[in-house]
Amino acid sequence: MGITIVVGGQYGGEGKGKVSHFFAKEKNIAISVRVGGSNSGHTVINDKDETLILRQLPTPSILPNSISVLSAGSYIDIDVLMDEIKLTGISDKQLLIDENAMVITAEDKDNESSGTLRGDIGSTLSGTGACVKRRIDRSKITKLAKDIDELKPYIIATKEYLYQALQDGKDILIEGTQGYGLSLLHSPYYPYTTSRDTTAAGFLSEVGLSPLDVDEIILVIRTFPIRVEGNSGCLENEISWDRIQKKPELSSVTKNERRIAHFDSNIVKKAIISNRPTKIILNHVDYVLEDDKKDFIENIENEINLKIDFIGLSNSMLEKNI
């Protein structure tokens, strides 16, 4: 029994939400942890075939009897969170929030909107980055989640709770956000990054548990990597959506058209070095022409020198790669 961490191997949008939901259900993992802020949305399809986009809650939160945890490394937009609580129907007992999580304020959003982040690096302007900066400033007037009345029903020392769950033989899934190519520390494209580290080690640090408790690291990649719109940084081998004859994808946060490119093994190989995955998932295989799929997958395996364990389509399905 231990921890499974789901990470992205490119620039976000790889399908981590679908993968987190799939493995939580497949492995009967009752406790899932979401890290990061409201600047990334994860998509999941429920048992009514409805598509949900979650920016704060982990996607396994839609599973019956699931416990969702927002860690100390979470940056919470209260309005977004409350909407998702209603959307998923989870009860007070199913959501736990760490006392040291941060709350994104209206001032955080205003500070980003009034600056040049959108034009300079393609920021989503969710206020997450400004909230991270405010945490680093260590001002005595900064309030944590435990100080906010609306969140008090959910507040708990999540590290102790999760540690005890591990001692009791329970599994935990950590749903990481964004992708390796956006890591503040490790991306080769700084400053075109997010405001946090986006590796398994970074996510684990935000949760506050030990590397010795990690059993699996699942790296999620996609056949044609994407980045958010605008001046968001380098995207090797960028193409138009017409080239693959697919309807353009829209960002789950800004709702603007994403950029897309041919597969680039270089960023994935860097992600493999930093994350040492035990499983690799290749999503959006339906973006490849039918006759080319087998060769496409084999070429990727040869380039990254690892086997693809599961393949996925644009919907919620995953299947073993045999």
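Read through the list (1) in contact (Cβ under 8 Å) with a residue 12 or more places away in the chain; (2) more than 18 Å from G8 (Cβ to Cβ), then give the number of the only condition that V44 fails.
(2)
Do we find that L57 is hydrophobic (A, V, I, L, M, F, W, C), within 15 Å of the chain's Cα centre (by Cα) and either at negative phi or not in a helix (DSSP H, G or I) (or both) in this structure?
For L57, the condition - hydrophobic (A, V, I, L, M, F, W, C), within 15 Å of the chain's Cα centre (by Cα) and either at negative phi or not in a helix (DSSP H, G or I) (or both) - is met.
Could you list, in sequence order, all residues of the range 160-213 that are of a type in the set (V, I, T) and part of a loop (DSSP other than H, G, I, E, B)?
Listed by number, the residues that qualify are T177, T193, T194, T198, T199.
Got a number for residues in the range 191-215 being among the small types (G, A, S) and at pLDDT below 95?
The number of residues fulfilling the criteria is 1.
Is at least one residue of the range 218-241 in contact with a Phe, Trp or Tyr (Cβ under 9 Å, 6 or more places away or on another chain) and of a type in the set (D, E)?
No, there is no match, as no residue in the range 218-241 is in contact with a Phe, Trp or Tyr (Cβ under 9 Å, 6 or more places away or on another chain) and of a type in the set (D, E).
Among the residues of the range 235-247 satisfying the criterion of being in a loop (DSSP other than H, G, I, E, B) and either under 21 Å from the mean Cα position of the chain (by Cα) or touching a residue at least 40 places away in the same chain (Cβ under 8 Å) (or both), which is nearest to Q10 (Cα to Cα)?
My answer is L235.
Is the range 109-116 home to any residue that is assigned to a helix (DSSP H, G or I), buried (at least 16 other Cβ atoms within 10 Å of the Cβ) and at pLDDT 85 or above?
For the range 109-116, residues assigned to a helix (DSSP H, G or I), buried (at least 16 other Cβ atoms within 10 Å of the Cβ) and at pLDDT 85 or above: present.
Which condition number does K255 fail, the rest of (1) part of a helix (DSSP H, G or I); (2) surrounded by fewer than 19 Cβ atoms within 10 Å (Cβ to Cβ) being met?
(1)
Output yes when any residue across the range 280-303 is farther than 24 Å from F23 by Cα, buried (at least 20 other Cβ atoms within 10 Å of the Cβ) and either at pLDDT 95 or above or more than 19 Å from the chain's Cα centre (by Cα) (or both), and no when none is.
No, the range 280-303 has no match at all.
Can you tell me which residues in the range 136-162 are closer than 17 Å to Q94 by Cα, surrounded by fewer than 18 Cβ atoms within 10 Å (Cβ to Cβ) and not acidic (D, E)?
K152, P153, I156, A157, K159, Y161
Could you check how many residues of the range 216-234 are in a loop (DSSP other than H, G, I, E, B), modelled with pLDDT under 95 and either of a type outside the set (A, V, I, L, M, F, W, C) or crowded, with 21+ Cβ neighbours inside 10 Å (or both)?
Within the range 216-234, residues that are in a loop (DSSP other than H, G, I, E, B), modelled with pLDDT under 95 and either of a type outside the set (A, V, I, L, M, F, W, C) or crowded, with 21+ Cβ neighbours inside 10 Å (or both) number 6.
Could you run through the range 47-69 and say how many residues are within 26 Å of S195 (Cα to Cα), free of Cβ contacts under 8 Å to residues at least 60 places away in the same chain and crowded, with 21+ Cβ neighbours inside 10 Å?
The number of residues fulfilling the criteria is 5.
Among the numbered conditions (1) surrounded by 13 or more Cβ atoms within 10 Å (Cβ to Cβ); (2) under 18 Å from the mean Cα position of the chain (by Cα); (3) closer than 18 Å to G179 by Cα, tell me where I260 comes up short.
(2)
Say we look at the range 21-37 and pick out the residues that are at pLDDT below 95 and buried (at least 24 other Cβ atoms within 10 Å of the Cβ); which of these is farthest from the chain's Cα centre (by Cα)?
Within the range 21-37, the match that is farthest from the chain's Cα centre (by Cα) is G37.
Name the pairs: first residue in the range 3-23 and on the phi > 0 side of the Ramachandran plot and charged (D, E, K, R), second residue modelled with pLDDT under 95 and assigned to a helix (DSSP H, G or I), Cβ to Cβ under 6 Å, at least 6 apart or on different chains?
Taking only residues 6 or more apart or on different chains, not a single pair turns up.
With the requirement that a residue be part of a strand (DSSP E or B) and within 25 Å of K320 (Cα to Cα), what does the range 34-46 give you?
H42, T43, V44, I45
The values are calculated or read from the model by the stated rules, or taken from the named source; none is laboratory data. All figures in this text were calculated on a predicted structure; none of them were measured in a lab. Cβ coordinates were reconstructed from backbone atoms using ideal geometry, including for glycine residues, and neighbour counts include every protein chain displayed.
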